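Trainee: My questions will all concern the structure given below.
The values are calculated or read from the model by the stated rules, or taken from the named source; none is laboratory data. All values reported here derive from a predicted model rather than from experimental measurement. FYI the Cβ positions are ideal-geometry reconstructions off the backbone, even for glycines, and counts take in every protein chain you see. What goes into the accessible areas is simple: the full protein's heavy atoms, side chains included, and nothing from ligands, DNA or RNA. Shrake-Rupley method; radii C 1.70, N 1.55, O 1.52, S 1.80 Å.
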Amino acid sequence: MNLANFPFAPPAASNFASEMDTLFYSIFGLSVFFAVVTFFFVVFYAFRYRAGSSADRSSPVYENMKMEVIWIVVPTILAIIFFGWGAKVYADVRIPPKDAKEIYVVGKQWMWHIQHPNGVRENNTLHVPIDTDIKLTMISQDVIHAFYIPAFRVQFMVVPGRYTQMWFRPTQIGTYHLFCNMYCGAQHSEMGGSVIVMSKKDYAEWLANNGSMRQNLTPAQAGEKLFTKIGCANCHGPVDMPPRAPSLAGLYGKTREMTNGQKLLADETYIREAILRPSEAVLKGYDNTMPAYDKQISEDDIMSLIAFIKAGAMPSLPASNLAAGSAGTEAQVKGKAGLNANALEYNAERADATPTERGSSHAVGAMAAEKVDQKR
Amino acid sequence: MSTTVTTPIGNVEPAPKPRTNYLTNGHTLRSWLLTEDHKRIAILYLISVSFFFMLGGSFAGMIRWELTSPAGNILESDAYNRVFTAHGAIMVFLFLLVAVPAVLGNFCLPLMIGAKDLAFPRINLLSWYLYTAAGTLVLISVISGGVDAGWTFYTPYSSLYSNSNVSLCLVGVFIGGFSSITTGVNFIATVHRMRAPGMTWFRMPLFVWAHYATGIIMMLGTPVVAITLLCVIFERTFQLPIFSPELGGDPVLFQHMFWFYSHPAVYIMVLPSFGVISEVITAFSRKRVFGYHFIAFSSLAIAFLGFLVWGHHMFVSSQSMYQGVAFSLITFLLAVPSAIKVFNWTATMWKGNIHLNSPMIYAIGFMGLFLIGGLTGLFLACMGTDVHLTATYFIVAHFHYVMVGGTVMGFLAGLHFWWPKMTGKLFNDNVARWNAIVVFLGFNLTFFPQFILGWLGMPRRYHYYYFAPEYQPFNIMSTLGATVLGVGFIVPVFYLITSLFKGKPAGDNPWGAHGLEWQTTSPPPTENFYYDPIVTDDVYDYDPVAEHEQFLEKQRQLGAHA
Ligand code: HEM
Ligand SMILES: [Cu+2]
């Protein structure tokens, strides 16, 4: 325990740190002022007017409109000023720049999976280049976590079933704490690691040398493989084929109209829902024939699929399916059965390869999922 | 003197000396367990609430001891999680929400408005039994393996992933909620229907106003949390799809429903203390309270606005940015009525005639802690800084300053103030005054370092931090403070209990305070007053100069320190 171990403020290593710190210290100054002045009067009066002192107690006041108005109006004005400033800083934190470099994060008990744009994956460590806008797209595979980097002054919850985003621009080379800041079970305290800010050159080198994991596919490339493997490509081709299936080329960012008249923006969450629970919202002009992939594929893989769909180009349909085309119910039923078989096969394969990724580490959750499966 | 207890017209005899009071009216256990007397029920609550406070306190000790070393000292992670959950759940649901309203409110509210009892005495007894049942279930859930979901029970962890006694504990909290609802209904009905002749709304003591506002929150808010907890139980037991995305639910929905109650609930914890502080400060400044109407209406404003700020717990939880902005603005505005109270209490002391007896020292300590707690709320209401600070030790420090500082200091101030009324005995005020100072210093030493820890980024609910040893010095300071604070909480148990056997008789009004409760005997008779009181003037018409000598003389006679 030496004095170097006695810091009073976290390191400031991102674009947000300086304004956030100014805001923090301004509120701090305001608070100290109010606390000191008010408590000074409390203690001062306690001595000055202590019982038996000869202080002047003539004409005491019990109501004073002017004083009340002052101490209502002044705090209200200060409150609104700080509200506005805080809201501005918050908006900066929440709205990522358009061309930010996107990194995917999956949280699960008790580990962070991180996927870089060129396919490099890492756990519990996040390497980032300095002076580059980084956008994290995050989801959880089980309970709620929170991705927190104190030195960057940013955190955001990582929620199952929906994507959240967070961005920052690292400004100092170094290694910083990464924490899970939302209680998530037994090893919550260990669900963290480091964020390593590197020079751009080092980062490029690091990316290039780290090719051993998962064949070094980019998320989009991995997504393309999956797209064919689990049967999406049986129906979704380069062009729309109503009422069988729409093409997914250029889908991301479009507004889609549903059979129930709802208009939805095709963002990440929309695509994820469409994969997991397609019958909840069916696209106008199409039949409700797509199988649900809920419980069939992992969050990592959905991320990859989304990356692939964002990239835009769609493979062409297998010839046999093309022939079956919009030909009628029988073909559709057949097609559907085929898809499910595909998905199951894929599932079994995964179960072999990585049992822990399927959630066996949290017994109750896995059990719950099983029960639901049985009901189906 | 403000309020008068008048005899029926024509009858000018002095009140007869009491033969029995509420304590001596029946000595059997049965006479206590089946009592419908609000004062006895308050004593029952005092005993049970103190028990849970000690229990929750010992868990706090374990947490603090564990954290003095970055690698942890005594507990496994699983055990640690169960300990902090037990600490939080017991303290919040079985102490903070109950202590001041159920003990001091129950005891004083009818006396203060000149009523014989609460409006529904049997329901009052029922509420104690509900509380006891709730406490027992929570206790069983803790003993038989424990609960590890945190007192906030965030889904889907609590609903699908936790392998602990979540359901049993939630059933306990659910039942406790009904105890709270019945208390709230009882207070509201009593204030509306049972005031003595002449006790107009604006002659009511501020303590009564505070409890009236609290009753509203209890009545309107508690059903929401009850339903929410029931939903978690159903999801756990029957896999109903409510909060877990795996089943098709929405995990953040839980947070909305939970905080819709739980933010107002923090005002269930501090509003009653505001009431206590208003009474104590006027009594010991011997001066009419400054800005009576502003203090009364700020209680109502807090009760109302308190329902509109729940989203400030979710700035980083994926609620929409615009929602967040609205919640932030209202949260900032909520700071204003709290500030009004502090300024008015301060102005009450101005030109007063201040006696630093133990209740007053606790009240001054309350103001110090509440100032720090309230002002640090600004850092969290401000969305920019909240992004960094939320869920860190900064939050832990903030809510301990407001909830624990607010409630415990208010409770101790009130307990010391009304102890002579409740028991008829005087305690050693000198020891009590020193103890109040120890509590104040210990509290600051415990929780102030946690603000720094939070600003440094230490997450709450962390079992260890070997990867960030720079957090250790502040953790050690905090544990030292907790030890001092522990002493400060244990000492009153001794001198208060001693006073029961060795204390001098208190007389009806040892502090020379105004208010109807001081006009009956100490302890009061079962029916509270020998003659129905009629109120003829304001409660707080102290005269600092004229009453000064009288007060000193009284204290001298009693041998207590003036
Ligand atoms: C009246 C006394 C108050 C009490 C009893 C109180 C209590 C609490 C509690 C229990 C929490 C929850 C901590 C957690 O478990 O996450 C909290 C958080 C919060 N409080 Fe207070 N508080 C009070 C006053 C204030 C004031 C005056 C403000 C603002 C001006 C404020 C702003 C906040 C905010 C914004 C949060 C949310 C922080 C977060 O979770 O990010 N509080 N408070
Ligand atoms: Cu976590």
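Trainee: Pull up region B:325-346, narrow it to residues that are at the interface with chain A (Cβ under 7 Å from one of its Cβ atoms) and among the small types (G, A, S), then point me to the one that is nearest to A:A79 (Cα to Cα).
Mentor: Selected residue: B:A335.
Trainee: What about A:Q165, is it more than 16 Å from ligand 1 (Cβ to nearest atom), closer than 13 Å to A:L136 by Cα and not β-branched (V, I, T)?
Mentor: The answer is yes for A:Q165.
Trainee: Now a separate question. Determine which single condition A:M198 fails, assuming it passes every other condition in (1) open to solvent by 10 Å² or more (accessible area, probe 1.4 Å); (2) out of contact with any helix residue (DSSP H, G or I) (no Cβ under 7 Å at 6 or more places or on another chain); (3) more than 9 Å from chain B (Cβ to nearest Cβ); (4) more than 15 Å from ligand 2 (Cβ to nearest atom).
Mentor: (2)
Trainee: Are any residues in region B:413-437 touching a residue at least 24 places away in the same chain (Cβ under 8 Å), more than 20 Å from the chain's Cα centre (by Cα) and open to solvent by 50 Å² or more (accessible area, probe 1.4 Å), and if so, which ones?
Mentor: Passing the criteria: B:K425, B:N428, B:N430, B:V431.
Trainee: So for region B:392-403 (the condition being facing chain A (nearest Cβ under 8 Å), in contact with a Gly (Cβ under 6 Å, 6 or more places away or on another chain) and either among the hydroxyl-bearing types (S, T, Y) or under 20 Å from A:W71 (Cβ atoms) (or both)), does at least one residue qualify? First the steps, then the outcome.
Mentor: Of region B:392-403, the ones facing chain A (nearest Cβ under 8 Å) are B:392.
Now drop any that are not in contact with a Gly (Cβ under 6 Å, 6 or more places away or on another chain), which leaves B:392.
Among the residues that remain, those that are also either among the hydroxyl-bearing types (S, T, Y) or under 20 Å from A:W71 (Cβ atoms) (or both) are: B:392.
Yes.
Trainee: On the given criteria, is B:A210 aliphatic (A, V, I, L, M), open to solvent by less than 10 Å² (accessible area, probe 1.4 Å) and either in contact with a helix residue (DSSP H, G or I) (Cβ under 6 Å, 6 or more places away or on another chain) or under 20 Å from B:A413 (Cα atoms) (or both)?
Mentor: Yes: the conditions hold for B:A210.
Trainee: Among the numbered criteria (1) of a type outside the set (A, V, I, L, M, F, W, C); (2) within 26 Å of B:E470 (Cβ to Cβ); (3) within 9 Å of another protein chain (Cβ to nearest Cβ); (4) more than 14 Å from ligand 2 (Cβ to nearest atom), which single criterion is violated by A:G161?
Mentor: (2)
Trainee: Yes or no: B:V252 of a type in the set (A, V, I, L, M) and in contact with a helix residue (DSSP H, G or I) (Cβ under 9 Å, 6 or more places away or on another chain)?
Mentor: no
Trainee: Only residues in region A:136-150 that are in contact (Cβ under 8 Å) with a residue 40 or more places away in the chain and under 17 Å from A:R121 (Cα atoms) count as the first member; pair them with residues that are open to solvent by 10 Å² or more (accessible area, probe 1.4 Å) and within 9 Å of ligand 2 (Cβ to nearest atom), Cβ under 8 angstrom, at least 6 apart or cross-chain, and list the lot.
Mentor: A:S140/A:K108; A:Q141/A:K108
Trainee: Out of all the residues in region A:114-133, is one or more small (G, A, S), away from ligand 1 (no atom under 16 Å from the Cβ), surrounded by 19 or more Cβ atoms within 10 Å (Cβ to Cβ) and modelled with pLDDT under 90?
Mentor: yes
Trainee: Please go through region B:321-333 and give me each residue that is surrounded by fewer than 24 Cβ atoms within 10 Å (Cβ to Cβ) and either touching a residue at least 60 places away in the same chain (Cβ under 8 Å) or closer than 18 Å to A:I80 by Cβ (or both), ordered by number.
Mentor: Kept after step one, since they are surrounded by fewer than 24 Cβ atoms within 10 Å (Cβ to Cβ), are these residues of region B:321-333: B:321-327, B:329-330, B:333.
Selection gives B:Y322, B:G324, B:V325, B:A326, B:F327, B:L329, B:I330, B:L333.
Trainee: If a residue has to be more than 7 Å from chain A (Cβ to nearest Cβ) and assigned to a helix (DSSP H, G or I) to count, how many in region B:356-375 make the cut? Spell out the reasoning first.
Mentor: Taking region B:356-375 and keeping what is more than 7 Å from chain A (Cβ to nearest Cβ), we get B:357-363, B:365-366, B:369-370, B:373-374.
Okay, now just the ones that are also assigned to a helix (DSSP H, G or I), so B:358-363, B:365-366, B:369-370, B:373-374.
Qualifying residue count for the region: 12.
Trainee: So, one more: What's the number of the condition B:F467 fails, among (1) away from ligand 2 (no atom under 16 Å from the Cβ); (2) more than 24 Å from B:L380 (Cα to Cα)?
Mentor: Among (1) away from ligand 2 (no atom under 16 Å from the Cβ); (2) more than 24 Å from B:L380 (Cα to Cα), the lone unmet condition for B:F467 is (1).
Trainee: Among the residues that make up region A:213-221, is at least one of them part of a strand (DSSP E or B), away from ligand 2 (no atom under 16 Å from the Cβ) and more than 27 Å from B:I242 (Cβ to Cβ)?
Mentor: Scanning region A:213-221, I find no residue that is part of a strand (DSSP E or B), away from ligand 2 (no atom under 16 Å from the Cβ) and more than 27 Å from B:I242 (Cβ to Cβ), so the answer is no.
Trainee: When you go through B:Y292, B:Y322 one by one, which is the residue that is away from ligand 2 (no atom under 16 Å from the Cβ) and facing another protein chain (nearest Cβ under 8 Å)?
Mentor: B:Y292
Trainee: I would also like to ask the following. From B:F243, B:F254, grab the single residue that is open to solvent by less than 10 Å² (accessible area, probe 1.4 Å), over 23 Å from B:L412 (Cβ atoms) and in a loop (DSSP other than H, G, I, E, B). If you could, list the steps in order and put the result at the bottom.
Mentor: Details: B:F254 fails: in a loop (DSSP other than H, G, I, E, B).
After applying the criteria, what remains is B:F243.
Trainee: Separate question: Counting only residues that are more than 8 Å from ligand 1 (Cβ to nearest atom) and either touching a Gly at 6+ places or on another chain (Cβ under 6 Å) or touching a residue at least 40 places away in the same chain (Cβ under 8 Å) (or both), which one in region B:298-313 is nearest to the other protein chains (Cβ to nearest Cβ)?
Mentor: Among them, the one singled out is B:S298.
Trainee: Could you list, in sequence order, all residues of region A:175-194 that are more than 16 Å from ligand 2 (Cβ to nearest atom) and crowded, with 20+ Cβ neighbours inside 10 Å?
Mentor: The answer is A:Y176, and nothing else.
Trainee: Test B:N353 against the stated conditions and say whether it is more than 13 Å from ligand 1 (Cβ to nearest atom), open to solvent by less than 10 Å² (accessible area, probe 1.4 Å), polar (S, T, N, Q) and at the interface with chain A (Cβ under 7 Å from one of its Cβ atoms).
Mentor: yes
Trainee: Now, a different point. Return the total of residues in region A:37-68 being in a helix (DSSP H, G or I) and open to solvent by less than 90 Å² (accessible area, probe 1.4 Å). Before you say what the answer is, go through the steps one by one.
Mentor: Filtering region A:37-68 down to residues in a helix (DSSP H, G or I) leaves A:37-48, A:65-68.
Filter once more, keeping what is open to solvent by less than 90 Å² (accessible area, probe 1.4 Å): A:37-39, A:41-46, A:67-68.
Matching residues across region A:37-68 total 11.
Trainee: Another question, then. Can you tell me which of A:P219, A:P246 is modelled with pLDDT of 80 or more, in contact with an Asp or Glu (Cβ under 6 Å, 6 or more places away or on another chain) and crowded, with 16+ Cβ neighbours inside 10 Å? Let's see the steps before the verdict.
Mentor: Details: A:P219 fails: in contact with an Asp or Glu (Cβ under 6 Å, 6 or more places away or on another chain).
Only one candidate qualifies: A:P246.
Trainee: Among the residues of region B:130-151, is any within 14 Å of chain A (Cβ to nearest Cβ), under 20 Å from the mean Cα position of the chain (by Cα) and either over 26 Å from B:L300 (Cα atoms) or of a type in the set (D, E, K, R) (or both)?
Mentor: yes
Trainee: Conditions: (1) hydrophobic (A, V, I, L, M, F, W, C); (2) modelled with pLDDT of 95 or more; (3) under 22 Å from B:G414 (Cβ atoms). B:L139 meets all but one. Number of the miss?
Mentor: (3)
Trainee: Out of all the residues in region B:266-297, which are surrounded by 24 or more Cβ atoms within 10 Å (Cβ to Cβ) and within 11 Å of ligand 1 (Cβ to nearest atom)?
Mentor: Correct list: B:Y267, B:I268, B:M269, B:V270, B:L271, B:S273, B:F274.
Trainee: Another question about this same structure. Out of the residues in region B:356-382 meeting the condition of being open to solvent by 30 Å² or more (accessible area, probe 1.4 Å) and away from ligand 1 (no atom under 15 Å from the Cβ), tell me which one is modelled with the lowest pLDDT.
Mentor: B:L356
Residues are listed down the side, and each one gets a yes or a no for (1) away from chain A (no Cβ under 12 Å); (2) more than 29 Å from A:C184 (Cα to Cα); (3) touching a helix residue (DSSP H, G or I) at 6+ places or on another chain (Cβ under 6 Å); (4) outside any helix (DSSP H, G or I):
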{"residue": "B:G410", "(1), (2), (3), (4)": "yes, yes, yes, no"}
{"residue": "B:A432", "(1), (2), (3), (4)": "yes, yes, yes, no"}
{"residue": "B:G442", "(1), (2), (3), (4)": "yes, yes, yes, no"}
{"residue": "B:F451", "(1), (2), (3), (4)": "no, no, yes, no"}
{"residue": "B:G454", "(1), (2), (3), (4)": "no, no, yes, no"}
{"residue": "B:H463", "(1), (2), (3), (4)": "no, no, yes, yes"}
{"residue": "B:P473", "(1), (2), (3), (4)": "no, no, no, no"}
